[in-house]
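Enquirer: One structure is given below, represented as C-alpha cells, and several questions about it will come after.
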Amino acid sequence: MRHENAAALAASAHAKLTGRLSVCVATSGPGALNFVCGVVDAHLDRVPMLALTGLVPTASQGHWEFQDIDQTSLFGSILPRSASCVHPTQVAALLRNYVGHAQQHHETVQLALPADILGAEIDPDDGVFQIDRKTLSTPLRLMPPPAEALDIVAAELDRFEQIVIVLGRRALGSGRAIEGLAEKLGAPIITSLDGKGIVDESHPNALGVLGIFGFPAVETTKRILRRADAVLAFGVDTLKPFLTDDRDVQRRALIQCEAEFSSLTHEYARTRTLMGPLDAIASGLQDRVRGRADTAAIAALEQERMASMRSILDAADAYRDSTLAHPLTFLLHLNRHLDDRCTIVLDTGAHTVWAAKVLQLTQRQRVLVSSRLGTMGFSLPAAIAAQLAHPTTGSSPSAEMEACRWSPANWRPQCSIGCPSSSSSSTTACCRMCPRNKRHPMAPCCGIPTLWRSPARSEPMGRSWTEQQMSTR
Ligand SMILES: Cc1ncc(C[n+]2csc(CCOP(=O)(O)OP(=O)(O)O)c2C)c(N)n1
C-alpha cells in the first residue's frame, strides 16, 4: 500500500471479512498520523486489529526532534490501548497482552516501536522472548445455551404480539437458521447495513436494510417497527434505529443474542440475553417457539416490497432515452451477475444508499462497508483485502461483470425489458434466483420488467452476453 490510511483500511476490511486479528504497520511521524482514519474505522466497527507504528529513538522523544509526535496521546485518545515500548524486553509481553486484548474484546490496539528498540541486539535464549504459544490467550468460544435457557426465552417470545428480528455483521453464517426462526415466528427480518446479505434478500420475511439505507422504504420499515413490541437481535452493533423512537427512547423489548459478552449493549435494557453460537440459538428457538399461522402480514410485506421495486424500475426507466447510465441501471444489471463467491465492497456516498436498496443478495454474499465511521476511500483497499483473503474466489470482474461497467462508448442509450434466453450461463444465474424456483422480486420471470441496456457491438464483452440480451427483445 502506498498510503498508510489505505493500509489501515485494508487491514480493517480483512478483519471484518475473516473475523481474525489483522495487523498493519506504518513508520513514525506522518506514517503513524496517516493511520488514524483506518484505525478508527476498525475500532468503531469492533474488529480485532493491531496497528504497529515506528517511532523516533527513545533518546529523541519529547523535545521536538524530526518526526517525533506523541503517539500514545494520539492513539490513546481513540483506542482502548496504546503504548510505546521503552525497552526491548517489553516487546514480547506487550504483544502478547495487546493481541490477547484485541482478540478477546474485538478491539483495535496500537503499539509504537522506537527505532533503537527495533534495532536492539537481543539474546534469543532470554526467557522473556520465549512465550509458549499454548499459553497465549485465545478468543472465548461459548457453547450453545442450555435447553432451559432456550425454553425460557422461547416462552417469552410467545408472549409478544409482533416480533421483529434484526441482524448485524456478527450474525454471519447464521442466515438460514434465522430465516427458519423468522418463518415460524411470522417475524420480518431487518438488517443493519453491515448485515446485508446475511439472509437471502428474496426471502418473503426479509425487509432489507434499515435506516437511511431503508428498503423498501424507510416509512414501511418504521411502520413495521412501530407495531412491534419486541426486537430479537442477532449480532447487531447499532441497536438504536431498531429499538427507539425519534427521541432515542427505548420503545420495545430487546432480546439480545450474541456470541461474546463484550458485544452486549450497555445502552439499552435487555429483557432476555442468550449467549452462544448464533445459528445454534436461532435453531434452538425455532424448535421451541409456537408457530404463528397468520402469514397475512408477511404477504402484505412482500406486496409492498414488489411495489417499491416497481417504483425503482420506473425510476430507472425514466432514463431510457438518456445518454447517462443511472446507478439503478448498473445495480439492476449487477444483481444478475452476483454469484455466491462475490464479496461486495461499498464505499460511502449516495451510491451506498442505492446499493443498500437495489442490490438483492440472494446467496448470502459478504458485504464490506465502513459502517460506523462511513469513510470515503474504503472500498478500494477493502477490495484488495478481500482479494488477499480469498485469492481464488476474489473480486476480479468476469467478462459479464465487464459488461456492466459503464462508459459512454460501451452503452447505447436504450433500455428494454424481457427475460433472458434459456441457453447462457447468465440465464442459469438468473434462474437460480427465479421466483418459479425461489422468490426474487428482481428476476425477470416474476412479471416485473427487468431493465437492461444493450451494449454496442464494438464493446469488449463476451458474445454470449450480447446474444443473450438481444434474444430477450
Ligand atoms: C474521507 C471522507 N471525507 C469526506 C466524507 C463526507 N462525505 C460523505 S459522502 C461524500 C460525497 C461522496 O461523493 P462521491 O464519492 O462522488 O459518491 P456519490 O455520493 O456520488 O455516490 C462526502 C464528501 C467522508 N465520509 N469521508
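No value in this document is a laboratory result; all are computed from the given coordinates. As the structure is a prediction and not an experimental result, all values here were calculated from the model. We place every Cβ from the backbone using ideal geometry, glycine too, and count neighbours over all the protein chains shown.
Enquirer: More than 17 angstrom separation, counting every C-alpha pair in region 147-299; what % is that?
Expert: Tail of P(r) above 17 Å: 57 percent of Cα pairs.
Enquirer: How long is region 4-135 along each principal axis, judged by its Cα atoms, biggest number first, in Å?
Expert: 40, 37, 20
Enquirer: Separate question: With just the Cα atoms defining each centre, how far is region 110-136 from region 11-81? Give it in Å.
Expert: With region 110-136 and region 11-81 each reduced to a Cα centre, they are spaced 19 Å.
Enquirer: Which of the lysines could a cross-linker bridge to Lys357, judged by Cα under 23 Å and excluding same-chain residues fewer than eight apart?
Expert: Lys16, Lys196, Lys222, Lys240, Lys438
Enquirer: Further question: Tell me, Asp45, Asp70 in order of fewest to most beta-carbon neighbours within 10 Å?
Expert: Asp70, Asp45
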